[in-house]
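The values are calculated or read from the model by the stated rules, or taken from the named source; none is laboratory data. Everything quoted here is computed from the prediction, not taken from an experiment. Every residue, glycine among them, receives a Cβ derived from its backbone with ideal geometry; neighbour counts consider all protein chains shown. Surface accessibility is based on the protein's heavy atoms, side chains included, excluding ligands, DNA and RNA. Shrake-Rupley method; radii C 1.70, N 1.55, O 1.52, S 1.80 Å.
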Amino acid sequence: MSKLKRLNEMMPGERGKVAVVSSCGALRCRMMEMGLVMGAELEVVRLAPSGDPVEILLKGYSLALRKREAVNITLVVD
């Protein structure tokens with residue numbers, strides 16, 4: 001059974017598919033240019049000790065996002 005989860009709530013090793021990018025304006029465009037588009041698969045690699053930033057593996061490359069950016073990404077997880 002699939003459920004929705006925000007990227008900032010995920011733990012290392014968890015995988016999901018992008019369902020929604022809820023930010024707007026320049027931040028939304030920047031995220032989409034980096035490959036965070038609907039249906040893109042990603043995996044959380046690690047979190048910094050403070051939980052900010054979060055490192056993800058997306059389309060074969062590593063990407064680090066701040067919590068304030070990660071909260072805007074909703075994923076479908078199994």
- Note on the structure: Flagged in the stretch 4-27 as touching a strand residue (DSSP E or B) at 6+ places or on another chain (Cβ under 6 Å), open to solvent by 80 Å² or more (accessible area, probe 1.4 Å) and over 15 Å from L63 (Cβ atoms), in numbering order, are L4, R6, K17
- Message: Out of G51, G60, I need the residue that is open to solvent by 50 Å² or more (accessible area, probe 1.4 Å), small (G, A, S) and over 12 Å from the mean Cα position of the chain (by Cα). Which one?
- Response: G60
- Query: Quick check, is G35 touching a residue at least 24 places away in the same chain (Cβ under 8 Å), part of a loop (DSSP other than H, G, I, E, B), on the phi > 0 side of the Ramachandran plot and open to solvent by less than 50 Å² (accessible area, probe 1.4 Å)?
  - Reply: yes
- Under the condition of being touching a helix residue (DSSP H, G or I) at 6+ places or on another chain (Cβ under 6 Å) and assigned to a loop (DSSP other than H, G, I, E, B), which residue from the stretch 38-76 is modelled with the highest pLDDT? V71
- Message: Please verify whether G51 is on the phi > 0 side of the Ramachandran plot and either touching a residue at least 12 places away in the same chain (Cβ under 8 Å) or among the basic types (K, R) (or both), treating the condition exactly as stated.
- Response: yes
